[in-house]
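Structure first, then comments.
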Amino acid sequence: MGKPKGKTPSLLTITTGKPTVHKCGRATPCDRCGESVVTGATCFQIPKMANGFTKRPIFCIACTSDIVAQTKTDVAAIEEAIKLCV
Ligand SMILES: [Zn+2]
């Protein structure tokens with residue numbers, strides 16, 4: 001895994017759909033850490049809105065795992081906020 005840039009995004013902020021398992025047809029850099037995912041390796045494709053278009057960048061397994069963990073943190077925070085309202 002390369003060096004990820006910035007704060008870990010969560011699925012709540014970046015995605016316009018579910019991450020899907022993807023097999024790289026050619027070596028593709030991970031959108032977050034820049035590490036190349038080699039041909040035939042498993043990665044995740046996470047649809048993302050950019051300038052009004054849906055892009056489908058790929059993420060290495062380590063970065064996907066970080067993003068999912070960040071998503072859980074964000075969801076837990078929302079759940080806490082909801083509890084305060086009811
Ligand atoms: Zn990565």
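The values are calculated or read from the model by the stated rules, or taken from the named source; none is laboratory data. All of these numbers come straight from a predicted model, not from anything done at the bench. Neighbour counts are summed over all protein chains in view; Cβ atoms, including those assigned to glycine, are modelled from backbone coordinates with ideal geometry.
Points worth noting:
- Selection of the stretch 35-86 for residues being surrounded by 14 or more Cβ atoms within 10 Å (Cβ to Cβ), among the acidic types (Asp, Glu) and away from the ligand (no atom under 15 Å from the Cβ) yields only 74.
- All of 17, 25 fail the test of being over 20 Å from residue 72 (Cα atoms) and of a type outside the set (Val, Ile, Thr), apart from 25.
- Filtered residues of the stretch 1-34 (kept if near the ligand (Cβ under 10 Å from one of its atoms), surrounded by 13 or more Cβ atoms within 10 Å (Cβ to Cβ) and either part of a loop (DSSP other than H, G, I, E, B) or of a type in the set (Lys, Arg) (or both)): 1, 2, 4, 30, 31, 32, 33, 34
- Selection of the stretch 19-60 for residues being of a type in the set (Lys, Arg) and without any contact (Cβ under 8 Å) to a residue 24 or more places away in the chain yields 23, 26, 55, 56.
- Residue match in the stretch 39-51 (condition: assigned to a strand (DSSP E or B), modelled with pLDDT of 95 or more and of a type in the set (Phe, Trp, Tyr)): yes
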